[in-house]
Amino acid sequence: MSSGQEKPLVGKPPGNQLSPTCPGHGLAGVSESSSPQAQSWHLTTKMQSSLQPLCLSLEKLHRVKDSMLEAMDRGLSRRTHAQATVRMLPTFIRSTPDGTERGEFLVLELGDIDLRVLLVELSGDTRQTVTVKDRRFPVSDAIAQGPGEKLFAFMATCLCEFLDGLRLPQRAFQLGFSFPFSCRQTRLDQSYLISWTKRFKCPGVEGRDVVELLQNAINKQDRYCIKVIAVVNDTTGTMMGCEASAEPCEVGLIVDAGTNSCFMAEARCVEVVEESLGRMGVVTEWGSFGDDGTLNDMLSPYDRLVDETSLNPGKQRFEKMISGLYLGEIVRHILAELATQGGLFSGRTTPALLTKGSVQIRDILEITDEQVGVARAQCVLWRLGLEASDQDCFSMQQVCSAVYIRAASLCAAGLAAILSHMRRNRELTRLKTSVAVDGAMFRDHAKFSQTLQQLVKKLAPECDITLVQAEDGSGKGTAMVTAVASRLAAQRFQVNQTLALLKLSPNALGEVQALLRREMELGLKKETQATSSVRMLPTYICATPDGSERGDFLALDLGGTNFRVLLVQVGAREQGGVRIVSELYSIPPQVAQGPGSQLFDHIVECIADFQTKQGMMGQTLPLGFTFSFPCQQTSLDQGILLSWTKGFNASGCVGQDVVKLLREAVKRKNHFALDVVAIVNDTVGTMMSCGYDDPSCEVGLIVGTGTNACYMEELRNVGTLAGGEGRMCVNMEWGAFGDNGCLDAFFTPFDRQVDEASLNPGRQRFEKLISGMYLGEIVRYILLELTAKGLLFRGRPSPKLQTRDIFQTKFLSSIESDGLALRQVCAILEQLGLHVTCEDSVLVREVCQVVARRAAQLCGAGVAAVAEKIRENRGLEQLSVTVGVDGTLYKLHPHFAQEVQGTVQRLAPRCSITFLQSEDGSGKGAALIAAVACRVARHQRA
Ligand SMILES: Nc1ncnc2c1ncn2[C@@H]1O[C@H](COP(=O)(O)OP(=O)(O)OP(=O)(O)O)[C@@H](O)[C@H]1O
């Protein structure tokens, strides 16, 4: 790193700008130039040059922040994790407390000198009141350095003694284990010790799972039923134990004898674990930042001396500039150098001054105090055997402040990196969070916190933080982790139970396939047709396009959200094939559900508008009418409406020929003449339009507002017609599959709710499991149920969620989009008036996935039944067939098509099926049917 452009701050007049670590420049708590001592400081050039290496300009701190961000990214990436200096260890903590945690939890906190056992009672109300009973057990050297087995047996014995003392009734306990050593954690309750530190050195533990060792020791006692739920590092304990105010606490920071930090990262960024949804607590292990030389140009000669004389030279470089264990040593080296150069203590040193460890962090904390600091400096120097002048004492205060403020500044740069990382990966413009802090450097020393806060504002201006002092070290936090884990496990159990109803096994799907096949057979036979829920309607379409069709055709498309009128020009392929001009018209619900004459009048008005716009008034083109409701056809141009579906309910239409209703409306309006050649179902239109491009397309499938399918059946099998040679397209009307009760075992309470609230209860049962009109509603009912059970939205239902159809099926697509970060999922939900946490959005996404997957699998089971029937009809070992598909749900949902195809492959392994998406199937298809009909009629006339 070059420092060429930096302006040294030492020697410049004091200004308002916080120039982090240079004496005389707005150092928090250090008196400035008004005192005589301060004036003489300016004269002490030796002092200046000694403290100069500790100066960190904002520019340098920005560089530290950027390097820390890079180091964090390396630690999180699967590729570079193993070599990373900042290890970014996953903790498997998936959620911070939401205030509802309640119950009693045992905690075992292994400290440097003692073992603390706690029973923590959480009240479960929003301001978690915590009751703690605790007892400390000294850990002797014999235990701390004896065999591992003994250490864990000791811990289990202490636990039992503690519980004996409480005289509680016998019951099961959940325990959190605070274990402050470097571990490789693989689950919340599985953590392998990497190496002992401090005074611990128990053989036989390194490389082993400390939870298992503890659990075995507890079980061996055979006294109490205790389950170890979580193992927690002290930094995460600090974060989790913090009582967050307005914002959730998602960062933990410890600056004590050592330093470390943790935060809730986006799980997808933590590449070393499988989970990719939601968040995960990550312990940065940032003490080792700089071990690869990144911080070399920030190191002062004193840092180098401290490092060389440490137990671990070259290691923990960031920690050695920040934490309490080392700051005293930095100060001591500066004082010794100044004394040697004659700048302090009249050029005298003492053996005490030259002895490692003779200046402690608590000395620095006292000396930097504005009120009593200079007096404290005198005491400390006296303890070191130095006769100090006022100037010496003041200089020592300057040195301590410079070292202390530099530590806070570096800490701020590290914290700014964490905050920027969180903001960037959550795709937020501003991040607001609470930061839990703990350690001697913070405790009762406002200056460290002030510096931290001021500098974070400068280094990460887009982040707002509230520092919250941890209350009970990691004890309460460990209990919280255990409580959160216990809450999540209980919730997960309930969520699984709820969603299990919607998860279909391969056997269940095979059963659906077999049931549909049976219903198809029944529907095709005259004698049994009435008992079948699928109508298997003949369409009178026996030929597919052969490419010789030519001319201009009009097409109408009614059957979903909108009504369309199309002009379709069918030309030679080499001249562009089919050209379409179309206009979209809405059908207001009062028209769709009003008198039938009003509906058909509206349709005629739309046609008139289209013809006027296209300058076609007076022309009478052959017309194909795509009418996507169940119709009993008796010829190509006659269709008796059997029932309305998909939200239509116009009166006076059921039992009528819809072509006749259309012609009557034309007459009423007296606008123009119509030549209706064919009435077509959209499924058939889709098959025909795909058949124009691919002759092996013999199945049509729609998954849009509703769902339906058609296929080419052998005429000999269509028992409802006289019979004959060749094939005819059969409109299955499979949306009604199950209306006779054959699918009852597959309906969940949510499906029943959707059905009961629909316009046609008891009908279109298969469609109500699959199509766009209903999936959002199924999700909404599940969300309401999960909220009522307290598993979602903190148990508070939003009035909006009670509104029918508020959760649209298109949200399922957006929420499941692969690239969509949870932030955007939250945004979608917030638009619905739902106040969501990260966990809420993960759960909503899961619900959407389950509902959409079931729909796609059921649709796949249906296609498998159809394909197998065609294969068997033709007596083939292996069938190759194309399915023409249309429908927004199939086309736009990110996983629907894939899931349908996968299911068909599994259920119909002897059919090789190509799915071809139709472009404008219902419009183009209707025109092509009209064209084929005209061609066939021409042939017959000739
Ligand atoms: N992005 C999306 N992802 C999934 N589904 C969607 C999306 N946008 C709309 N939908 C669903 O698709 C339906 C509209 O689909 P489409 O336009 O294919 O059907 P339609 O022509 O109205 O009726 P149908 O094709 O059933 O006769 C809407 O009712 C809605 O439920």
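Numbers below:
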{"quantity": "All aspartates and glutamates inside 12 Å of Lys227 as judged from Cα atoms, apart from same-chain residues fewer than 8 positions distant", "calculated": "Asp189, Glu212"}
{"quantity": "Partners for Lys46 among lysines (Cα-Cα distance below 23 Å; same-chain residues under 8 apart left out)", "calculated": "Lys7, Lys12"}
{"quantity": "Accessible-area ranking of His835, His421, His895, largest first, probe 1.4 Å", "calculated": "His835, His895, His421"}
{"quantity": "Sequence-separation-based contact order of the chain, relative, with Cα cut under 8 Å and 6+ spacing, percent", "calculated": "10 percent"}
{"quantity": "HN-Hα J in Hz across region 354-361 - Karplus 6.51, -1.76, 1.60, θ = phi - 60°, x for Gly and Pro", "calculated": "8, 9, 4, x, 6, 10, 10, 4"}
{"quantity": "Cα gyration tensor shape for region 174-257, rounded if a/c is under 1.5, else prolate or oblate", "calculated": "oblate"}
{"quantity": "Between helix 58-76 and the chain: long-axis angle, C-alpha atoms, 0 to 90°, nearest 10", "calculated": "60 degrees"}
{"quantity": "Formal net charge of residues neighbouring Val703 (Cβ-Cβ distance under 12 Å; K, R +1; D, E -1)", "calculated": "-3"}
{"quantity": "Sorted peptide list for 202-208, 450-456, criterion being average Cβ within 10 angstrom, highest first", "calculated": "450-456, 202-208"}
{"quantity": "For Val699, distant residues with modelled amide H under 5 Å away", "calculated": "Thr882, Gly884"}
{"quantity": "Sequence-distant residues sharing a close amide H with Leu115 (under 5 Å, placed H)", "calculated": "Phe137, Val139"}
{"quantity": "Set Lys198/Lys447; Lys789/Lys891; Lys526/Lys660 screened for pairs whose C-alpha atoms are more than 31 Å apart", "calculated": "Lys789/Lys891"}
{"quantity": "Region 524-617 shape via C-alpha gyration tensor axes, a/c threshold 1.5", "calculated": "oblate"}
{"quantity": "Under the Karplus curve 6.51 cos²θ - 1.76 cosθ + 1.60, θ = phi - 60°, whole-Hz ³J(HN,Hα) for region 320-327, x wherever Gly or Pro sits", "calculated": "6, 9, 10, 8, x, 5, 10, 4"}
{"quantity": "Estimated vicinal HN-Hα couplings, Hz - region 643-655 in sequence order (Karplus 6.51, -1.76, 1.60; Gly, Pro = x)", "calculated": "6, 7, 9, 6, x, 8, 7, 5, 7, x, 10, 4, x"}
{"quantity": "Greater than 30 Å apart at Cα, pairs in Lys60/Lys315; Lys201/Lys476; Lys432/Lys800; Lys669/Lys810", "calculated": "Lys669/Lys810"}
{"quantity": "Residues whose placed amide H lies under 5 Å from that of Gln633, excluding near-sequence neighbours", "calculated": "Ile640"}
{"quantity": "Nearest-10 value in Å² for the accessible area of Ile580, using the 1.4 Å probe", "calculated": "60 Å²"}
{"quantity": "Overall Cα dimensions of region 843-905 - principal axes, largest extent first, Å", "calculated": "47, 19, 12"}
{"quantity": "The chain - percent of accessible surface contributed by carbon and sulfur, probe 1.4 Å", "calculated": "50 percent"}
{"quantity": "Solvent exposure of the chain as accessible area per residue, Å², 1.4 Å probe", "calculated": "39 Å²"}
{"quantity": "Gyration tensor verdict on region 605-759 (Cα atoms; rounded if a/c is under 1.5, prolate if a/b is larger than b/c, oblate otherwise)", "calculated": "oblate"}
{"quantity": "Sorted peptide list for 186-195, 422-431, criterion being average Cβ within 10 angstrom, highest first", "calculated": "186-195, 422-431"}
{"quantity": "With Cα atoms, 0 to 90° folded angle of helix 838-873 axis to the chain main axis", "calculated": "30 degrees"}
{"quantity": "Nearest-10 value in Å² for the accessible area of Asp682, using the 1.4 Å probe", "calculated": "20 Å²"}
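The values are calculated or read from the model by the stated rules, or taken from the named source; none is laboratory data. Note that the coordinates shown come from a computational prediction; the quantities given were computed from them, not determined experimentally. Please note: Cβ atoms are built from the backbone with ideal geometry, for glycine as well, and neighbour counts cover all protein chains shown. The protein model used for the area step is the full one, side chains on, heavy atoms only, and it has no ligands, DNA or RNA in it. Shrake-Rupley method; radii C 1.70, N 1.55, O 1.52, S 1.80 Å.
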